[in-house]
1. How many residues does region 117-140 contain that are touching a helix residue (DSSP H, G or I) at 6+ places or on another chain (Cβ under 7 Å) and surrounded by fewer than 14 Cβ atoms within 10 Å (Cβ to Cβ)?
2. Consider only pairs whose beta carbons are under 9 Å apart and that are at least six residues apart or on different chains; among these, list those whose first residue lies in region 38-52 and is more than 10 Å from V26 (Cβ to Cβ) and free of Cβ contacts under 8 Å to residues at least 40 places away in the same chain and whose second residue is of a type in the set (D, E, K, R) and part of a helix (DSSP H, G or I).
3. Which pairs turn up if I take residues in region 102-126 that are within 14 Å of L51 (Cα to Cα) and look for partners that are modelled with pLDDT under 80 and of a type in the set (V, I, T) with beta carbon separation below 6 Å, at least 6 apart in sequence or on another chain?
4. Kindly evaluate D94 against the criterion of being acidic (D, E) and touching a Pro at 6+ places or on another chain (Cβ under 8 Å).
5. Looking at A185, A181, A129, which is the one that is small (G, A, S), at pLDDT 80 or above and either in contact with a Gly (Cβ under 7 Å, 6 or more places away or on another chain) or not assigned by TED's automatic domain parsing to the domain that holds A50 (or both)?
6. Checking the structure you have, find out if any residue of region 161-177 is assigned to a helix (DSSP H, G or I), within 15 Å of A130 (Cβ to Cβ) and of a type outside the set (K, R).
7. Somewhere in region 145-163, is a residue modelled with pLDDT under 85, surrounded by 15 or more Cβ atoms within 10 Å (Cβ to Cβ), under 15 Å from T56 (Cβ atoms) and assigned by TED's automatic domain parsing to the domain that holds L85?
Amino acid sequence: MRRALLDAAARVFARRGIEAASLDDVAADAGFTKGAVYSNFGSKDGLVAALVADRTSAYLDLGLEAVEDLDGSMGARARVLGDRLTDASDGQRDWHLLFFELWQRAVRSGDVDDVFRRHRDSLRVAVTAAIEDHVDRAGGSLPLPASELATVLMALANGLAVERMVAPDDVAPDLMGRVLALLVADGPVP
């Protein structure tokens with residue numbers, strides 16, 4: 001039930017916007033009553049917070065799985081990661097719409113969206129740790145500190161996803177992988 005409600009919330013919030021969508025809309029989309037939403041999440045803010053946590057975790061898992069068993073240079077690993085993230089991203093139109101609404105809320109408001117910021121921070125920390133681990137395993141070096149590269153990776157993934165939604169023919173499916181491979185190809189930037 002919880003999974004169905006989270007998936008319905010992602011669809012409904014992406015279609016209508018978080019503020020315009022009601023808990024009745026989410027419950028109906030999932031095939032439940034509003035009481036099911038309240039019993040699982042307590043409130044709309046609780047549902048939004050759970051959705052952010054769920055999607056952040058899924059994004060992190062996707063990235064880690066994409067390069068878990070890869071061998072080779074940092075460039076080769078980066079290329080595969082970028083290609084797999086693009087493939088997965090293409091099927092996540094609702095998440096990208098929701099992400100940008102959450103981003104706007106976090107930028108414009110206060111306490112309600114602190115959850116979004118905290119999850120973004122924890123995602124950045126986890127991506128940084130994963131980058132450091134892959135650098136150690138590949139025996140390479142990075143052009144930027146891992147934390148800054150994590151920020152670039154997250155921004156690039158979000159930006160290219162949006163561009164592919166607007167003009168899919170203008171953004172090659174392997175662009176992210178190629179850019180990431182270029183970023184890590186030559187080691188540190190002087």
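1. Here the count works out to 0.
2. Listed pairs, sorted by first residue: N40/R2.
3. Correct list of pairs: H119/T56.
4. no
5. A181
6. Step one: of region 161-177, the residues assigned to a helix (DSSP H, G or I) are 161-166, 168-170, 175-177.
Going one step further and asking which of them are within 15 Å of A130 (Cβ to Cβ), we end up with none.
Within region 161-177, not a single residue is assigned to a helix (DSSP H, G or I), within 15 Å of A130 (Cβ to Cβ) and of a type outside the set (K, R).
7. Step one: list which residues in region 145-163 are modelled with pLDDT under 85, which gives none.
For region 145-163, residues modelled with pLDDT under 85, surrounded by 15 or more Cβ atoms within 10 Å (Cβ to Cβ), under 15 Å from T56 (Cβ atoms) and assigned by TED's automatic domain parsing to the domain that holds L85: absent.
Each row is one residue, and each column tells you yes or no for (1) loosely packed, with under 13 Cβ neighbours inside 10 Å; (2) aliphatic (A, V, I, L, M); (3) assigned by TED's automatic domain parsing to the domain that holds R93.
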site: M1; (1), (2), (3): yes, yes, no
site: E19; (1), (2), (3): yes, no, no
site: L23; (1), (2), (3): no, yes, no
site: G31; (1), (2), (3): yes, no, no
site: A36; (1), (2), (3): no, yes, no
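The values are calculated or read from the model by the stated rules, or taken from the named source; none is laboratory data. Because the structure is a prediction, the values reported are computed rather than measured. When we count neighbours, we look across all protein chains shown, and the Cβ atoms used for this are built from the backbone with ideal geometry, even at glycine.
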